[in-house]
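I have placed the structure first, in the form of structure tokens, so that the comments after it can refer back to it.
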Amino acid sequence: MSSFEPKPKTAELGLKVWPNPFSERTNIRLDTKTSAKILLKIFDSRGTLVVQQTAIGPDFDFNAKHLPTGMYWAEVRDMQGRLLGNGKLVKE
């Protein structure tokens, strides 16, 4: 019997978020250097898309002042729809 266990498909991929947890604003950065246009999608705990915004380059200054307290999931994709990074966000 092997002790190898594959990573779950929901594991964080190439995304740094700080501070996390946060209250109103947080920084989101891709581990990949890019100068291309990319798309950030934020989903609530039910999987509903609550925010979508674009940026040029790997950094987002995310203002979540309008969102209620809770757990969120972030996805960053290129404009062709390829997943570049994802991760969990916690708003206090």
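Every number here is computed from the coordinates shown, using simple stated rules; none is lab data. As the structure is a computational prediction, the values presented were derived from the model and not from experiment. No Cβ is skipped: glycine too gets one built from the backbone with ideal geometry, and neighbour counts run over all protein chains shown.
Label positions at N63 and L39, each projected 7 Å from the Cα along the C-beta direction, are separated by 2.3 nm.
The slack in the chain from K88 to L49, taken as 0.36 nm per residue of separation less the alpha-carbon distance, amounts to 12.6 nm. Could you work out which residue, out of V17, V76, V50, moves most in a Gaussian network model of the chain, that is, has the largest mean-square fluctuation with Cα springs under 10 Å? Its mean-square fluctuation being the largest, the pick is V50.
Computed from backbone phi with θ = phi - 60° and the Karplus coefficients 6.51, -1.76 and 1.60, the 3J(HN,Hα) list for region 44-61 is 7, 5, 8, x, 7, 5, 10, 8, 9, 8, 10, 8, 9, x, x, 10, 10, 9 Hz; x is used for glycine and proline.
When the Cα positions of V50, S23, G81 are compared along the charge dipole of the chain, G81 comes out farthest toward the positive end, with charges on each C-beta of Lys, Arg, Asp and Glu.
The relative contact order of the chain comes to 33 percent, based on Cα pairs under 8 Å that sit 6 or more residues apart. In sequence order, region 76-92 has phi-based couplings of 10, 10, 7, 6, 8, x, 6, 5, 9, x, 7, x, 8, 10, 10, 9, 8 Hz under the Karplus curve 6.51 cos²θ - 1.76 cosθ + 1.60, θ = phi - 60°, and Gly or Pro positions carry x.
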